[in-house]
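To start, the structure itself, in structure tokens.
Since every read-out is calculated from the coordinates, none of them should be taken as a lab result. Source: prediction; values computed, not measured.
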Amino acid sequence: MILQPNRKVQSNKTSITIAMTVMVMLVLIPACSGRTNEMGEAITERDSLPVMDTRGVTTLVSDSGVIRYRINAEEWQVYDRKSPSYWAFEKGVYVEKFDSLFQVEASIEADTAYYYDKQRLWKLMSNVHIQNLKGEKFDTELLYWDQNKKRVYSDKQVRIEQPDQIIYAVGFESNEQMTRYKFYKTNGIFYIDEESAAAPSDTLQTDTLG
């Protein structure tokens, strides 16, 4: 005798299997959804965190295989996931630029600084002090240093102390060594060896960019 399959039993088994599958999916979908949100939050948080956070930094930086800069900073953070990426020195920075004989051509100090590594551009803010090889001192609140163009510039008030005079101006640009520069507008010249100050002038005989 040939037994015929019980179609009613198979149908019930199929219904039970489908029902269990649906229940499992209903349980797993919220769990998977929550896990995706957690991963998304983690990725977003990683984008906002520095890849490097170093304290008490003294480092030498080379350019084309030659040491050109020394950086001293209390804190150095690198944000590689930001657009654009940058280094942050939010607790102050001191930078020295060397010539080919490892002599200091210029030094720059600021309360806060950001270095955009892809553009090779420094943005220095608050109590920015610069000194060049000739001993001239520059003070301003905002300064940009474009290493690609080898240019230093600002559109803010600047004070320049030379051996015989102090110059006040609004905006200037210079070469990297701060030895050739020009002002956009001078507000006054005060001679150190004289009691009287010169009258404000928009023209100034000084080094200019070549």
*What percentages, rounded to whole numbers, describe P(r) for the range 49-191 computed over all alpha carbon pairs with 10 Å bin width beginning at zero?*
11, 41, 34, 12, 2
*Determine which lysines satisfy two conditions relative to LYS118: a Cα distance under 23 Å, and not lying fewer than 8 residues away in the same chain.*
LYS82, LYS91, LYS97, LYS149, LYS150
_Whole-Hz ³J(HN,Hα) from phi, Karplus 6.51 cos²θ - 1.76 cosθ + 1.60, for the range 91-103, glycine and proline x_ = 10, x, 8, 10, 10, 10, 10, 9, 8, 5, 9, 6, 8
